[in-house]
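Quick one: structure below, then a few questions.
Quick note: the coordinates plus some simple rules give every number you see, no bench work behind them. This is a predicted model, so every value here is computed, not measured. As a convention, Cβ positions derive from the backbone with ideal geometry for all residues, glycine included, and neighbour counts pool all protein chains shown.
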Amino acid sequence: MHDRELRSQIEAAARMLRAGGVVAFPTETVYGLGADATNPEAVRKIFEIKGRPADHPLIVHIADASLLDRWAEEIPEAARRLAERFWPGPLTLILRRQRHVPDAVTGGQDTVGLRVPDHPVALALLQELGPEKALAAPSANRFGRISPTTAQHVRAELGEAADMVLDGGPCRVGLESTIVSFVGGTPLLLRPGGISFAALKAALGERIEMPGTAQPAIRVSGSLPSHYAPVTPLEVLSVESLQRRSRELVKQGQRVAVLGLTVAYPDSPHLLRFQMPTEAAAYAHSLYATLRQLDDANFNFILAESPPLSIDWQAVNDRLRRAATVYYLNETQPLEKMYEEIS
């Protein structure tokens, strides 16, 4: 798409949003389904399109960090440090909301999730809307399903439900943003994502709590036990269990796709192996697109070799655990111990 055509599309999207419409747009993480965050009726359309529970809050996308105080209050200095370090970028901050933020955006909570997306199309759209507006946006997919990382993914899943789809190419990160809460004192990591735990710790220079420790849980996007799921049953297994399970399913005549990391699995008419990247960021980038591809190929089962249980793989393990129907290596304790050691 030429620059002039893209500019025209962005202007049309802004007009659509001001009129109460819903627009899918690209970010560096995944495609979002956006509405004017100041318009409760427009925001409610997002919930209708996605089939999303009304008490599940949305993330508000703003044009730059200077707008933080327009949407949040009682902002700790530590939160401002993270915004300065990582925005624009895949980091969402949970803060006390300003009174004007609609309940439809926050799920009725007194907190709001805010971030500045690191994508030229998203930023241009926010600039076009102006400083009085922002985009309330979850991922542009049906609730609980795989997040889209291309415009085609959005169109395939939502059809004509969105008023417009802005095409900004494939998403660079491929997994949703990291979510950190600053409600209650100590920073609390609520969802791992594009910013690593170690990077947060280095930027803050202070302890970060994990869910279920010192602070009460806060409802945030993508935090339910089952989420990001393909239609095809997904099982995440150790190498030994995966080899055994794949043989068992093939004997039954099932079509099986294997997401391998370290061990080769011989292809057969009923088994197809996909080699996944052995570096965490590259794996994250390709995960959702690969799962969508396998859904479209009508496999009976997807078997994924369990990634390393290490800090670098935290976000990938989180998404696989929520997406899987079977998660054999449900070893949360080793990860929690690692968090304790470096927090």
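Could you tell me what % of all Cα pairs in the stretch 9-48 have separations over 13 Å?
49 percent
To the nearest µm²/s, what D does Stokes-Einstein give for the stretch 6-162 at 37 °C and 0.692 mPa s, using the Kirkwood radius over alpha carbon pairs as Rh? Please report the intermediate quantities before stating the final value.
Values: Rh = 15.4 Å.
Approximately 213 µm²/s, per Stokes-Einstein.
Given 314, 229, 86, which one lies farthest toward the positive end of the charge dipole of the chain, if we put +1 on the Cβ of every Lys and Arg and -1 on the Cβ of every Asp and Glu?
Selected residue: 229.
Please express the shape of the stretch 105-214 as an equivalent ellipsoid: the semi-axes are the square roots of 5 times the eigenvalues of the C-alpha gyration tensor, given largest first in whole angstrom.
Semi-axes from the Cα gyration tensor: 28, 16, 15 Å.
Report the label-to-label distance for residue 103 and residue 252 in nanometres (one decimal), using points 7 Å from each Cα along the Cα→Cβ vector.
Here the modelled spin labels are 4.7 nm apart.
Once Lys and Arg get +1 and Asp and Glu get -1 on their Cβ, which of 23, 119, 261 lies farthest toward the positive end of the dipole of the chain?
Among 23, 119, 261, the one farthest towards the positive end of the dipole of the chain is 261.
Another question, then. Identify, among 68, 139, 129, the residue whose Cα sits farthest towards the positive end of the charge dipole of the chain, taking +1 on the Cβ of Lys and Arg and -1 on the Cβ of Asp and Glu, with the dipole about the Cα centre.
Farthest towards the positive pole: 139.
How high is the relative contact order of the chain, in percent, with contacts defined as C-alpha pairs under 8 Å that are six or more residues apart?
18 percent
Over the stretch 14-133, what is the mean sequence separation of C-alpha contacts under 8 Å (at least six apart), divided by residue count, expressed as relative contact order in percent?
Dividing the mean separation by the residue count of the stretch 14-133 yields 32 percent.
Another one. Quickly work out the residue 244-to-residue 81 label distance, labels modelled 7 Å from Cα along the C-beta direction, and quote it in nm with one decimal.
About 4.8 nm, to one decimal.
Would you list 118, 296 from fewest to most Cβ contacts within 10 Å?
Details: 118 20, 296 12.
The fewest-first ordering by Cβ neighbours comes to 296, 118.
What's the longest piece of the chain with no exposed GluC sites (Glu not before Pro), counting a site as exposed if DSSP puts it in a loop and it has at most 13 other beta carbons within 10 Å?
The segment 1-73 is the longest one with no such site.
Additional query: Quick query: amide H of residue 37 versus all other amide H atoms, modeled in the peptide plane; which residues come in under 5 Å with a sequence gap of 5 or more or a different chain?
134, 135, 136
While we're looking at this one, here's another question. Using unit Cβ charges (K, R positive; D, E negative) and no other charged atoms, how large, in debye to the nearest 20, is the dipole of the stretch 1-117 about its Cα centre?
I would put it at about 120 debye.
Under unit Cβ charges (Lys, Arg +1; Asp, Glu -1), what dipole magnitude, rounded to 20 debye, does the chain have relative to its Cα centre?
Here the size comes out at about 500 debye.
Moving on. For the chain, what is the calculated [θ] at 222 nm in deg cm²/dmol (nearest 500), taking -39500 (n - 2.57) for each run of four or more DSSP H residues and dividing by its residue count?
-10500 deg cm²/dmol
Give the Kirkwood hydrodynamic radius (Å, one decimal) of the chain, defined as one over the mean of 1/r across all pairs of different Cα atoms.
Value: 20.6 Å, from the Cα pair sum.
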